[in-house]
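Only one structure is covered here, and it is reproduced in the block below.
Nothing in this text is a laboratory measurement; each read-out follows from the coordinates by a stated rule. In this text, all values refer to a predicted model and were calculated from it rather than measured experimentally. Ideal geometry is used to build each Cβ from the backbone, glycine not excepted, and the neighbour counts take in all protein chains shown.
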Amino acid sequence: MRLDRFEIVNEEFYVERVTPAQLDLLLADGWRHFGRQFFRYNFGIYEGEIRRVTPLRIRLDDFTLSKSQRRNLRRNSDLECSVEPMEITPEIHELFHRHKSRFKSGVPGSIYDFVANGPEDSPTNVLMVSVSRADRLLAVSFFDVGDGSISSIYGIFDPEESPRGLGIFTLLKEIEHGQEAGKAYCYHGYAYEGESFYDYKKRFAALEGFDWNGDWGPYRPE
């Protein structure tokens, strides 16, 4: 790939607080964040290859469930699920350390690599989806709430429960919350060119991709 043919975007900044309206503008311009670090990039390294990176979002008014997503919801209908303000508890720390055992490389060190210590330290309004069974925490995901959008930040689940598809389940619950709150978009992350670990993000209806020129349009996987 001749990189000199393309403009490379690789930017970051740190901020203590952004308003919900400002968050909407940042998300619409391809930015994401972990804690106080906001970043955006249009090329990344995946399995030793340089790949194009495309920010994705879902139009919530037009979103419908696929057959596999409906099966996911039915499969997990026996679980207790709640949406509440972010609070990092010892139980979440324990779940994070079980979750990171799934990774063979790029193993995250701490939940605080992705979210702030608490609401008072976060630059955004962060909620979390909590999923449990018989008082045992099985999955948690964190998402931002803007004026007109929501944005997934990070999700963790118990590897012993992998057949349940809890990563998809918590994202579907985030989408459901966004729809009920009247939000226009769910920004659920970046996709890599070609096949990758992140291809599940491409399998949602009403999907749009960012062209790095300021415009969003229908996203069609390669």
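Packing around the peptides 177-189, 202-214, taken as the average count of other Cβ atoms within 10 Å per residue, puts them in this order, highest first: 177-189, 202-214. A straight Cα-to-Cα reach below 22 Å connects Lys183 with the lysines Lys173, Lys201, Lys202, residues fewer than 8 places away in its own chain not being considered.
Straight Cα distances below 14 angstrom link Lys100 to the aspartates and glutamates Asp113, Asp158, Glu160, Glu161, with same-chain residues fewer than 8 positions distant left out. Of the peptides 94-100, 15-21, the ranking by mean beta-carbon count within 10 Å, highest at the top, reads 94-100, 15-21. Comparing Cα centroids, region 73-95 and region 24-72 end up 22 angstrom apart. Listed options for semi-axes √(5λ) of the Cα gyration tensor in Å are (i) 25, 23, 15; (ii) 26, 20, 19; (iii) 28, 24, 21. The value calculated from this structure is the one marked (ii). Within the shell defined by Cβ-Cβ distances under 14 Å, the residues around Arg133 carry a net charge of -4, with Lys and Arg each +1 and Asp and Glu each -1.
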